[in-house]
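Step one of this worksheet: look at the structure below.
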Amino acid sequence: TIQDPASQRLTWYKPPLSVLVIKKVRDAQVIQPFIQLVRWLTIDKRMVVFVEASVIEDSLVTSHPGFPVLRDKLMNFREAHDDLTDKIDFIICLGGDGTLLYASSLFQQSVPPVMAFHLGSLGFLTPFKFDNFQDQVTNVLEGHAALTLRSRLRCIIIRKDQETGKNGRPPTNLLVLNEVVIDRGPSPYLSNIDLYLDGKRITSVQGDGLIVSTPTGSTAYAVAAGASMIHPSVPAIMLTPICPHSLSFRPIVVPAGVELKIAVSKDSRNTAWVSFDGRKRQELFHGDSLRVTTSIYPVPSICAEDQIADWFASLDECLRWNDRKRQRHFDEPEDLSPTDLTPDLTHSSSSDTLDSLVERNEACDN
């Protein structure tokens with residue numbers, strides 16, 4: 001039998017003791033909710049709270065009257081310097097979708113469950129409201145929550161000298177939650193990149209570039225470029241050309257288990273540029289290749305209600321999906337007043353003939 005996505009639930013094998021709190025940067029409105037949450041987690045719930053060192057050093061945070069009593073209770077870390085593996089039981093994000101993407105980037109293997117509060121602009125991936133955060137976090141700590149396993153893409157850049165074995169450096173290896181984008185960068189020429197699927201050449205992409213996205217990323221850059229929207233529980237990879245030089249080049253969906261290889265064509269006039277969830281942008285030269293496949297480490301995103309309800313609520317609130325003025329229904333005779341039923345001799349109906357209109361006009365003249 002096929003499992004109902006809404007039946008996937010959060011299960012704790014041991015009580016969660018440590019939590020990573022990620023706050024949206026450069027937003028003064030998030031400071032007060034951040035202080036409230038951290039105080040409640042450390043004092044009321046007696047949990048070990050991790051925050052970024054840059055947050056503790058932020059003048060907006062340090063100047064808040066409620067922060068000094070919390071400073072010594074917080075654990076801090078620095079991205080790319082401290083390893084959080086096996087130190088975090090679950091994650092709380094305060095902000096917009098970017099906070100969830102950042103949380104994903106911090107864990108390049110297994111990711112703790114993520115609870116995201118909507119305190120940003122769009123909030124497609126942040127289903128929780130902060131008004132009653134105590135009750136909602138308590139429900140999560142007690143295991144009363146549904147999960148969405150959001151697949152990620154493993155992206156490996158193999159340079160030309162690494163293919164030949166002349167370079168001892170390991171290949172660039174990154175996980176992305178939304179998409180990896182290959183584009184023409186600052187060049188005035190069309191991008192010309194070859195696309196392979198499980199070793200077989202599929203096509204050459206001529207245009208501004210190519211978006212390789214997860215189902216989660218299908219509602220981001222991909223949908224803006226004309227792709228379909230895929231529910232995050234669907235095991236798939238979306239391939240979306242950016243402004244292709246062929247009208248018949250439409251977005252396609254391929255199975256999640258395939259390996260994609262993307263390389264600059266030999267006869268391409270220019271190189272290509274690649275970015276991962278909008279970060280770590282770098283150039284792809286002739287002879288370089290990018291390998292993309294679905295990672296075995298998804299992001300377990302905690303649902304406010306369940307997988308189906310949360311996703312369609314996001315489509316409605318954030319994208320205004322299928323939001324239009326409703327068509328007026330036909331009026332039934334019993335719904336009309338007597339004046340509405342009186343024939344209007346100044347307007348013709350579809351049953352009027354030319355002769356009847358002439359006779360009617362002559363009667364009116366007499």
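If you take every residue apart from Val30 with its C-beta less than 10 Å away from the C-beta of Val30, what net charge results, scoring Lys and Arg +1 and Asp and Glu -1?
Working: positive: Lys23, Lys24, Arg26; negative: Asp27.
Value of the local net charge: +2.
How big is the charge dipole of the chain about its Cα centre, in debye rounded to the nearest 20, if each Lys and Arg gets +1 on its Cβ and each Asp and Glu gets -1 on its Cβ?
Numbers: 37 positive and 45 negative charges, 542 e Å.
The dipole of the chain has a size of about 2600 debye.
Counting only DSSP beta bridges with both residues in region 180-300, tell me the antiparallel percent, nearest 5.
Details: 37 of 37 bridges.
So the antiparallel bridges in region 180-300 amount to around 100 percent.
Please compute the length gained on full extension between Asp267 and Tyr189, using 0.36 nm multiplied by the number of residues separating them and subtracting their Cα-Cα distance.
Details: separation 78, 0.36 × 78 = 28.08 nm, distance 1.24 nm.
Extra length available between Asp267 and Tyr189 comes to 26.8 nm.
So what's the net charge close to Leu74: Lys and Arg +1, Asp and Glu -1, counting the other residues with Cβ under 11 Å from its Cβ? Numbers along the way, then the final one.
Details: positive: Arg39, Arg71, Lys73; negative: Glu52, Asp72.
Residues close to Leu74 contribute a combined charge of +1.
Measuring from centroid to centroid over Cα atoms, what is the spacing of region 7-44 and region 76-125 in Å?
10
Ranked from highest to lowest mean number of other Cβ atoms within 10 Å per residue, what is the order of the peptides 222-230, 52-60, 178-186?
178-186, 222-230, 52-60
Accessible area per residue of the chain at 1.4 Å probe, in Å²? Walk me through the numbers before you get to the answer.
Values: 20390 Å² over 366 residues.
On a per-residue basis, 56 Å².
Taking θ = phi - 60°, what integer Hz values does the Karplus form 6.51 cos²θ - 1.76 cosθ + 1.60 yield along region 304-310, in sequence order, with x for Gly and Pro?
Using θ = phi - 60°, the values come out as 6, 10, 7, 4, 6, 4, 4 Hz.
With all protein chains present, how much of the accessible area of region 177-267 (probe radius 1.4 Å) comes from carbon and sulfur, to the nearest whole percent?
Working: 2200 of 3980 Å².
Whole-percent figure for carbon plus sulfur exposure: 55.
Which of the listed residues, Pro170, Leu122, Ser289, is farthest toward the dipole's positive end in the chain, when Lys, Arg count +1 and Asp, Glu count -1 at the beta-carbon?
The listed residue farthest towards the positive side: Pro170.
Ignoring ligands, DNA and RNA, how do Glu317, Glu259 rank by accessible area with a 1.4 Å probe, largest first?
Correct descending sequence by accessible area is Glu317, Glu259.
Mind checking the alpha-carbon convex hull of the chain and giving the volume per residue in Å³? Could the numbers behind the result be given before it?
On the way: hull volume 105.7 nm³, N = 366.
Here the figure is 289 Å³ per residue.
The values are calculated or read from the model by the stated rules, or taken from the named source; none is laboratory data. All of these numbers come straight from a predicted model, not from anything done at the bench. Using ideal geometry, Cβ is built from the backbone for each residue, glycine included, and neighbour counts are taken over all protein chains shown. Ligands, DNA and RNA are stripped out before the accessible areas are found, and what is left, the full protein with its side chains, is counted by its heavy atoms. Shrake-Rupley method; radii C 1.70, N 1.55, O 1.52, S 1.80 Å.
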